[in-house]
Amino acid sequence: MTVELPDLVPAELRRRWAAEGVYPGRPLFDLFRERAREHPELTAVVEPDGTTSYAGLLRSALALAHELRERGIGPGDVVAVNLANGWRALAADLAVAAVGAVCLPYPLGRRRQDTLALLGTARAVAALVTRTVGGQDYARTVDALRADLPDLRHVYVEGPPLPGMRPLEPVWRGPAAPLDRLPAPDPDAAARIVVSSGTEATPKLVAYSHNALAAGRGRLLLNLRGDEEGPLRLLCMVPLASAFGSVGLVALCVPGATLLLTPRFDTSATLRMVAEGRPTHLLGVPTMYQRLLGDPALEHTDLSALRCAVSGGARLTPETAARIRHKLCATVATVYGSADGANSHTRPGDPEDVVGHTAGRPDPAIADLRIVDEDGAEVPRGSTGEIWARGPVTPLCYVNAPELDRRYRTPDGWVRTGDLGALTADGRLRLVGRKKDIVIRGGLNISPAEVELHLSSHPDVAGAVCRGVPDTLLGERLAAFVVPVPGARPPSLPALHHHLLVRRGLERAKLPDALHVLREFPVNPAGKVDRARLDVLARVGGDATARGEGAA
């Protein structure tokens, strides 16, 4: 069943952006095919085990497009993609676009609960998955959910398939779909679904059109490139399947860049890629840069090709930015953005104090920002309020979640981000904090409500609350407060980790880093849990605190 994805931005605004030339007015696959015609032999993807040209990537995408069409997959259908960074993930994205379907990429490592929420909410008709991820047999995870995913008709596996699934590897070598028989998708139709973890107990899914992705991410790349001449070579350290990583696909479709990728982030592999692949730009989250800066091999790595280190996903501290300039790359740019369509960024050449203390100036060709009070009225410059966003990059809607559309979208197309900020006198964005309660751990948004829900399912836990604790390396860590069932033995942190991983199917990256066992929760005058007091306990620790190794 095709999921409905209405556009909640007023049509006259979309038409205006098209008339002004902000939108290319062409679907993503057409843009990529044009780049492939311009320079078929140019390297599109560099990986540790080899390179793929634009012509080769186009051929692989058309082979998968042929297979999808043979299975009856076409316009409006959702195809989930769970593949490691590499040419296969990009070819899958392009193939889905080529048949007019909607791609739902999501990073490796999702477990049972997230997989069910993602594929079920999007009503995915097909999935391309990696057989094993770490110690997890992910194909078996998907197979066990088939009864709960009635729309999922086809599963392709990178690796040995299970009965009822198809191997993906032979597809890449199969016949190619004829270009003249491919549909011509509406550029304003949905092309990609981005996964956003927020305050809800399940991931939010956000639908983007071809035009919004090409215009918004394409303009971002242009701005981050600055006045540099020559080819753009982008080393993307984040998952291509993430909101931030969607820049990778657009880099192939719009400027015709070369992407440098490793399957998963690893400092040694990344530094080798920097030295041997000679990227001009790095794309990563602050934690990745901190790990690179701490690798002894950095001082022996040839960094001469680097022109800009781009950081997003979480706030980059001035101290870390200074260390990047000193040890890694002289030019640093930061990006504030969200899967919901907010964006502001610094640019190459901005002064150090701008990069260290603001999120730069919003570009109206990507998104305008408003700072508003509780009633939605704009506040004066310099005053703090909630950040609202609207512009060419604004997504269509939340997927199959009208309650989220009502909560986060306004009738005139603005997105309520839940983030707090202020605009300086010269129009730069200063981030203040988050109105919504999420924990950002190493660039990953974690919903405390989700973890609390699963913790509370443990037979010895009467109640659970999770809070974020500031951390110099990861930005924040997750602390869990539990009250045991009367008479029960308080569970240990390893026991809760086992419960969350094995029995509940939670992602390892969402495991609590610390456990505080309490006799009862502190409450405020209204009788609700006093979360501010829990924050104090989390920072100072105490006799009732058990600590353990957190998620890596």
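Every read-out reported here was derived from the displayed coordinates using simple, explicitly stated rules and does not represent laboratory data. Since the structure is predicted, the reported quantities are computational estimates derived from the model, not experimental observations. For neighbour counting, all protein chains shown are included, and Cβ atoms are generated from backbone atoms with ideal geometry for every residue, glycine included.
Of the listed peptides 318-326, 251-259, 358-366, 376-384, what is their order by residue-averaged count of other C-beta atoms within 10 Å, with the highest listed first? Walk me through the intermediate numbers first.
Working: 318-326: 16.0, 251-259: 23.4, 358-366: 21.6, 376-384: 12.0.
So the peptides 318-326, 251-259, 358-366, 376-384, ranked by packing, come out 251-259, 358-366, 318-326, 376-384.
Overall shape of the range 95-213 was characterised from the C-alpha gyration tensor. The equivalent ellipsoid obtained from it has semi-axes of 24, 21, 12 Å, in decreasing order. Highest mean first, the peptides 304-310, 82-88, 93-99, 339-345 sorted by other C-beta atoms within 10 Å per residue fall in the order 93-99, 339-345, 82-88, 304-310.
The simple spin-label model puts a point 7 Å past each Cα toward its Cβ; for Glu20 and Asp137 those points are separated by 5.5 nm. Summed over all non-identical Cα pairs, the Kirkwood treatment of the range 11-67 gives a radius of 13.3 Å. Length available on full extension from Glu169 to Thr2: 0.36 nm per residue minus the Cα-Cα distance, which gives 57.4 nm.
Based on the Cβ-Cβ distance from Ala11 to Val536, what FRET efficiency comes out when R0 is 56 Å, to the nearest 0.05? Before the final figure, lay out the partial values.
Numbers: r = 50 Å, r/R0 = 0.89.
Once the sixth-power term is evaluated, E becomes 0.65.
By definition, a body whose alpha carbon gyration tensor gives a ≥ b ≥ c is oblate when a/c is 1.5 or more and a/b is not larger than b/c, and the range 21-143 fits this oblate description. Loop-resident chymotrypsin sites (Phe, Trp or Tyr not before Pro) (DSSP state other than H, G, I, E or B) in the range 106-183 with no more than 15 further Cβ atoms inside 10 Å of their Cβ are absent. Residue separation of Ala425 and Asp186 scaled by 0.36 nm, minus their Cα-Cα distance, works out to 82.0 nm of gained length.
Entry note, the chain: relative contact order of 13 percent, from Cα contacts under 8 Å with a spacing of 6+ residues. Stokes-Einstein diffusion for the range 153-291 at 10 °C, viscosity 1.306 mPa s, with a Kirkwood radius from C-alpha pairs, works out to 89 µm²/s.
Given the DSSP H assignment, sum -39500 (n - 2.57) over each helix run of at least 4 residues in the chain and divide by its residue total; what's the result at 222 nm in deg cm²/dmol, nearest 500?
Details: 17 runs with 160 residues, N = 552.
Value at 222 nm, helices only, nearest 500: -8500 deg cm²/dmol.
In the P(r) worked out for the range 468-520, what percent of Cα pairs fall beyond 19 Å? Summing the P(r) tail past 19 Å for the range 468-520 gives 35 percent. Principal axis analysis of the Cα atoms in the range 439-547 yields extents of 37, 33, 26 Å, listed in decreasing size.
Note on His454, His154: ascending count of other Cβ atoms within 10 Å places them as His154, His454, the fewest first. Rg and Dmax over the alpha-carbon atoms of the range 301-382 stand at 14.9, 53 Å.
Based on the convex hull around the alpha carbon atoms, the range 420-494 presents an average projected area of 6.4 nm². Residues with beta-carbon under 14 Å from that of Arg504, excluding Arg504: net charge, scoring Lys, Arg +1 and Asp, Glu -1? Result for the neighbourhood of Arg504: +2.
Could you compute the net charge surrounding Leu234? Neighbours are other residues with a C-beta less than 13 Å from the C-beta of Leu234; K and R count +1, D and E count -1.
Values: positive: Arg217, Arg225, Arg233, Arg278, Arg307; negative: Glu228.
Result for the neighbourhood of Leu234: +4.
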